[in-house]
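Undergrad: Structure provided below as structure tokens; questions to follow.
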Amino acid sequence: MMKRHRRSTYVPSAVQYTACHECDWLMVIPPLQPGEQAVCPRCEHKLRALPAEARLQPMVYSIAALIMLLCSNFFPFLGMAVKGIHQDMTLYQTATTLLEEQHPALALTVFLFMQILPAICLTLICLIYYRLGHWRGKRLRKRYTLWLFRLIPWCMVEVFLIGVLVSLIKIASLADIELGYSFWAYVLFSLAMLKAFSAIDRDWLWLQQSGPIHLRQPPVPRGRAIDQHLTLCHACHGLVSLRTHRCPRCHSVLHARKPHSLQWTLALLFTAAILYIPANVLPIMITESLGQQTYSTILGGVVLLWEMGSYPVALVIFIASILVPIVKMLAIAWLCWSVYAGRIHHRRGRTRLYRLTEFIGRWSMVDVFVVAVLVALIRMGKLMSVYPGSAALAFAGVVILTMLSAMSFDPRLLWDNEPISDRANPQEKEAETNRAE
Ligand SMILES: [Zn+2]
Ligand SMILES: [Zn+2]
């Protein structure tokens, strides 16, 4: 007799209550059709989007990405030739060469962000989606789901690819470059991984695993969730009562607002700002050419590239390594000040700025990846070699700390000091406030 497992697909039939993750506005969402998305009327935050193939797409793309990642480690990644001398590098050498050069922390950072964390996330997707809807292993899948959403922001595969391209343009004038099979496998891996991540909808996934959260009495879909003793669970995005300490669906600890959000954000920001000094003063890369050593800082590298006429690369490095970290740190500091000072204008604009700081933060990692690729590729002894400088680790620290700082900031604080009279119709009131300024 065939063994039958209990497997079900949860299809929400009625409207669902939710609160906006970024402005705490309570609202109802009608059942979405595949391909549709819901947007907050007050702050324009994308609340949820139902992919066309919500169950199949993430798993199929994850398997494809994992196969491609495996392939990209077996063949040469890049090759270069100078004066008849040929040199190859494999993908994992971007990390192992740094280890040989006595930079274990930098090696670990690079390896984690470009291979380990993406591989863990893709494996978790396979484990979650393979038996989604089965009762067996449900508790473990819930834990996997919590970890998946914690780790996704730290997968920097596309940033690494940009780093590889920048490195190639940097050395294109000095040597003949060859793209190996692994390079193309890594490009396919990156595309498949991004496709898998974009096909995941957190709300849909939690609904499939545990169904909706039942509230004792239906909330009034108007005003802030906190005013009705409700909050959106930060982990599973379910609307829950603040009267319980833990979320009934994912068991995460509940908070109406992130605890000590401003203090954490500013502390991390301040540490990043301090670390930004050695990141710019110390050399990020040491180049040895015909026995002569040249130390280059981040800014020095940009000036050199500009003088060599590589304007686009100089601009990319300048924007990613100098402009983005500074703008991001100033933006976060200003957001914190605007909350502290109780500013009530341009709430939507400031929320957009917050989203931008969250989005651009990881792109500063480009320069660290450029160093990793150049160190692994250019190893020709006294003829031409590149070594990592101590600024590379300091700069990676700046990027990680600013990312953590942006994550600690609670964007709902931007909306909290809104006058009660303004909480009637979000779109009209915000438009009026902006017009009035
Ligand atoms: Zn909102
Ligand atoms: Zn939850």
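Conditions tested, residue by residue: (1) under 22 Å from the mean Cα position of the chain (by Cα); (2) within 23 Å of ILE29 (Cβ to Cβ).
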position: THR231; (1), (2): no, yes
position: VAL240; (1), (2): no, yes
position: CYS247; (1), (2): no, yes
position: LEU254; (1), (2): no, yes
position: ARG257; (1), (2): yes, yes
position: HIS260; (1), (2): no, no
position: THR265; (1), (2): yes, no
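Undergrad: Let me ask something additional. For the range 1-20, how many residues meet the condition of being closer than 29 Å to TRP135 by Cα and at pLDDT 85 or above?
TA: Number of matching residues: 3.
Undergrad: I've got another one for you. Pairs only if they're at least six apart or on different chains, beta carbon under 6 angstrom, first in the range 229-241 and near ligand 2 (Cβ under 8 Å from one of its atoms), second of a type outside the set (Lys, Arg) and in a strand (DSSP E or B); list them, first residue then second.
TA: Listed by first residue and then by second, the contacts come to CYS233/VAL240.
Undergrad: Can you pull out every residue in the range 232-251 that is buried (at least 16 other Cβ atoms within 10 Å of the Cβ) and not in a loop (DSSP other than H, G, I, E, B)?
TA: Listed by number, the residues that qualify are LEU232, LEU239, VAL240, SER241.
Undergrad: Right, something else. Give me the residue from the range 341-360 that is away from ligand 1 (no atom under 15 Å from the Cβ) and among the aliphatic types (A, V, I, L, M) and, out of that set, surrounded by the fewest Cβ atoms within 10 Å (Cβ to Cβ).
TA: Filtering the range 341-360 for residues that are away from ligand 1 (no atom under 15 Å from the Cβ) and among the aliphatic types (A, V, I, L, M), the one surrounded by the fewest Cβ atoms within 10 Å (Cβ to Cβ) comes out as ALA341.
Undergrad: Could you check how many residues of the range 56-87 are surrounded by fewer than 21 Cβ atoms within 10 Å (Cβ to Cβ) and of a type in the set (Phe, Trp, Tyr)?
TA: The total comes to 2.
Undergrad: Of all residues in the range 155-183 being assigned to a helix (DSSP H, G or I) and over 23 Å from the mean Cα position of the chain (by Cα), which is surrounded by the fewest Cβ atoms within 10 Å (Cβ to Cβ)?
TA: By that ranking, first place goes to TYR181.
Undergrad: Another question, then. Looking at the range 265-314, which of its residues are within 28 Å of ILE332 (Cα to Cα) and not in a helix (DSSP H, G or I)?
TA: Residues satisfying the conditions are LEU282, PRO283, ILE284, THR297.
Per-residue answers, yes or no, for (1) more than 16 Å from ligand 2 (Cβ to nearest atom); (2) at pLDDT 90 or above; (3) among the aromatic types (Phe, Trp, Tyr); (4) in contact with a strand residue (DSSP E or B) (Cβ under 7 Å, 6 or more places away or on another chain):
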site: ARG246; (1), (2), (3), (4): no, yes, no, yes
site: HIS251; (1), (2), (3), (4): no, yes, no, no
site: LEU254; (1), (2), (3), (4): no, yes, no, yes
site: LYS258; (1), (2), (3), (4): no, yes, no, no
site: ALA267; (1), (2), (3), (4): yes, yes, no, no
site: ALA273; (1), (2), (3), (4): yes, yes, no, no
site: VAL281; (1), (2), (3), (4): yes, yes, no, no
site: SER289; (1), (2), (3), (4): yes, no, no, yes
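Undergrad: Would it be correct to say that VAL220 is more than 16 Å from ligand 1 (Cβ to nearest atom), surrounded by fewer than 16 Cβ atoms within 10 Å (Cβ to Cβ) and over 24 Å from TYR354 (Cα atoms)?
TA: Details: more than 16 Å from ligand 1 (Cβ to nearest atom): yes; surrounded by fewer than 16 Cβ atoms within 10 Å (Cβ to Cβ): yes; over 24 Å from TYR354 (Cα atoms): yes.
Against the criterion (more than 16 Å from ligand 1 (Cβ to nearest atom), surrounded by fewer than 16 Cβ atoms within 10 Å (Cβ to Cβ) and over 24 Å from TYR354 (Cα atoms)), VAL220 qualifies.
Undergrad: So, in the range 374-410, of the ones that are touching a strand residue (DSSP E or B) at 6+ places or on another chain (Cβ under 9 Å) and within 14 Å of ASN280 (Cβ to Cβ), which residue ends up surrounded by the most Cβ atoms within 10 Å (Cβ to Cβ)? Spell out how you get there, then give the answer.
TA: Going residue by residue through the range 374-410, those that are touching a strand residue (DSSP E or B) at 6+ places or on another chain (Cβ under 9 Å) are 374-389, 391-392.
This time we only want the ones that are within 14 Å of ASN280 (Cβ to Cβ), so: 389, 391-392.
Working: GLY389: 22, ALA391: 24, ALA392: 28.
Per the criteria, the residue is ALA392.
Conditions (1) touching a helix residue (DSSP H, G or I) at 6+ places or on another chain (Cβ under 9 Å); (2) within 12 Å of LYS195 (Cα to Cα); (3) within 16 Å of ligand 2 (Cβ to nearest atom); (4) among the aliphatic types (A, V, I, L, M), marked per residue:
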| site | (1), (2), (3), (4) |
| --- | --- |
| PRO34 | no, no, no, no |
| ALA38 | no, no, no, yes |
| PRO41 | yes, no, no, no |
| LYS46 | no, no, no, no |
| PRO51 | yes, yes, no, no |
| ARG55 | yes, no, no, no |
| VAL60 | yes, yes, no, yes |
| ALA64 | yes, yes, no, yes |
| LEU70 | yes, no, no, yes |
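Undergrad: Find the residue count for the range 184-214, including only residues that are more than 16 Å from ligand 2 (Cβ to nearest atom) and part of a helix (DSSP H, G or I).
TA: 15
The values are calculated or read from the model by the stated rules, or taken from the named source; none is laboratory data. If you're wondering where the values come from, they're calculated on a predicted model, not measured in any experiment. So basically every Cβ, Gly included, is an ideal-geometry build from the backbone, and we count neighbours across all protein chains shown.
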